[in-house]
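One structure below.
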Amino acid sequence: MRKFITVLLTVLLLALPVADAWATTKAAAKKKVVTRKFSGSVVTVDRWGTLQVTIVVRKTTVTTGTRKKVTRKITSLAVPVYPNHTDRSVFINQNALRTLRAEALTAQSANIDLVSGATDTSDAFVQSLQAAILKAKRT
Amino acid sequence: MSAVVRRNEFAGGTSGFPQAPSTGPLTQTGRCAAGLRRVEYVMGMPILVDVRESLADEAVIDDVFTWLRWVDQTFSTYIDGSEINRIDRGELRLEDAHPVVRGVLERCDELRLETRGYFDARAGGRLDPSGLVKGWSVDRAADILYAAGIRNFAVNAGGDIRLSGRAVPSPHWTVGIQHPRDRARIAAIVRPTDLAVATSGAYARGDHVLNPYTRRPPTDILSVTVVGPKLATADAYATAAFAMGGEAAAHWTARLPRYEAMTILADDTRPLHWRIPE
């Protein structure tokens, strides 16, 4: 885990818009929707075990003439692999992951600037999530 | 009190800062009218520097992270050739070590006495001052920012926080203390100015705090949060109190001059030693 990570939770809360070619012609818009699942990397959470995040992304391509607009949206998120090698870590991590799921899927605004407390599981979560998002963006 | 924990150092936040670049390099930096923020992964944890001043120079943030990486190289117990490991193996004499290393180890000794041995850089059987180094390096990072004329900032090193001024445009910083049993909950909220907030608990990295006398992790305590002027001291006090366990922690922290504490016991009661000045 001794790596820098780019943290992208925010990206989840948004679609990832990619505007492509520009065109002058106006034609009827064509819409294509593809839904796919992407797995993040399996990340080691110190000595607790491993964690992996998968996301389901709905990609909407709207074509108007030669102009293409692609929007991606995360529709669901799951944690198929999480640390559970002792009773204690199961207790801790199940709570943690439930929270993180809720955080990722809804735009919260508890008016808190900073949180004092733990970091471990969320680091791995973010790292795996980032890998999944990058995969989704490449399609 | 309950609210949803929001890892604000990751999310774009309530602060109106720009969103993270979607394909970033290794660091994340954002700038807007209200200031600058950057997260980097140093010392095995994400460290956030959040500057709420429009005229802040990004070079200062570079200086802060250069400093933190130097600290990591020098003090890491994971890096074979770090001064700390060389001292531990007897390859480097204390008097030949970097003056900063000597200073930290001296402070570790002071804190060991002050905490009646519960804060012990050798509790795990080998020299490991990281319980002090994190907070101390963040205090020095705050000095770097302060010396550059920055007055409104926060540095969050894996949940241990040093604050100055206010979270512009908001009139203060609001810090949530994560509930040790349930990350969805905030156990308390504190609005400190020019203070440090450190939380020690079993939940951060497994049971990593041991009672140096029993060599076991305490069982009747969930977390201790200490608020006070210096993060190094607040963090060491929080670690020591946690190692004491239960009622002992609550009683010991109640007598600390200039440092306030909140202890959460395993039965979820909260001894009241929480007197944060408004």
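The values are calculated or read from the model by the stated rules, or taken from the named source; none is laboratory data. A quick note: this is a predicted structure, and the numbers were derived from the prediction, not measured. Neighbour counts run over all protein chains shown; Cβ positions are idealised from the backbone, glycine included. For the accessible areas, the whole protein counts, side chains as well, though only heavy atoms, and no ligand, DNA or RNA atoms are used. Shrake-Rupley method; radii C 1.70, N 1.55, O 1.52, S 1.80 Å.
Kindly write out, for region B:137-148 in residue order, the coupling ³J(HN,Hα) from the Karplus curve 6.51 cos²θ - 1.76 cosθ + 1.60 (θ = phi - 60°), rounded to whole Hz, with x marking Gly and Pro.
5, 6, 4, 5, 4, 5, 4, 4, 5, 4, 5, 7
Averaged over its residues, how many other protein chain Cβ atoms are within 10 Å of peptide B:220-229's Cβ atoms? Can you show the working numbers first?
Numbers: counts 0, 0, 0, 3, 0, 2, 1, 1, 0, 0.
Taking all residues of B:220-229 together, the mean is 1.
Averaged across the residues of A:59-70, what count of C-beta atoms belonging to other chains lies within 10 Å of each residue's C-beta?
Values: counts 0, 0, 0, 0, 0, 0, 0, 0, 0, 0, 0, 0.
Average per residue, whole number: 0.
Which value, in Å² rounded to 10, gives the accessible area of B:Trp67 with a 1.4 Å probe and all protein chains present?
Approximately 40 Å² of B:Trp67 is accessible to the 1.4 Å probe.
Applying the Karplus parametrisation 6.51 cos²θ - 1.76 cosθ + 1.60 with θ = phi - 60° to the phi angles of region B:162-177, what ³J(HN,Hα) value in whole Hz is obtained for each residue in order, glycine and proline being reported as x?
With the stated coefficients, region B:162-177 comes to 10, 10, 9, x, 9, 8, 3, x, 6, x, 7, 8, 10, 10, x, 9 Hz.
Consider a paramagnetic label point 7 Å from the Cα of A:Ala29 along Cα→Cβ; state which residues of region A:62-76 have an amide N under 19 Å from it.
A:62-74
Search the structure for amide H atoms under 5 Å from the amide H of B:Ile221, placed 1.01 Å from N in the peptide plane, and list their residues when 5 or more places away or on another chain.
Amide H neighbours of B:Ile221: B:Gly246, B:Ala266.
Could you order peptides B:141-151, B:96-106 by the average number of other Cβ atoms within 10 Å of their residues, highest first? Mind showing how you got there, number by number?
Details: B:141-151: 17.4, B:96-106: 15.2.
Going by the mean number of other Cβ atoms within 10 Å, highest first, we get B:141-151, B:96-106.
Amide H to amide H, which residues 5 or more places from B:Arg37 or on other chains are under 5 Å from it, using H placed in the peptide plane?
The answer is B:Gly30, B:Val51.
Report, in debye and to the nearest 20, how large the dipole of region B:33-182 comes out about its Cα centre when Lys and Arg carry +1 and Asp and Glu carry -1 on their Cβ. Walk me through the numbers on the way to the answer.
Numbers: 19 positive and 24 negative charges, 81 e Å.
For this selection, approximately 400 debye.
Positive end of the charge dipole of region B:80-235 (Lys, Arg +1 and Asp, Glu -1 on Cβ, about the Cα centre): tell me which of B:Leu113, B:Thr193, B:Ala147 has its Cα farthest that way.
B:Thr193
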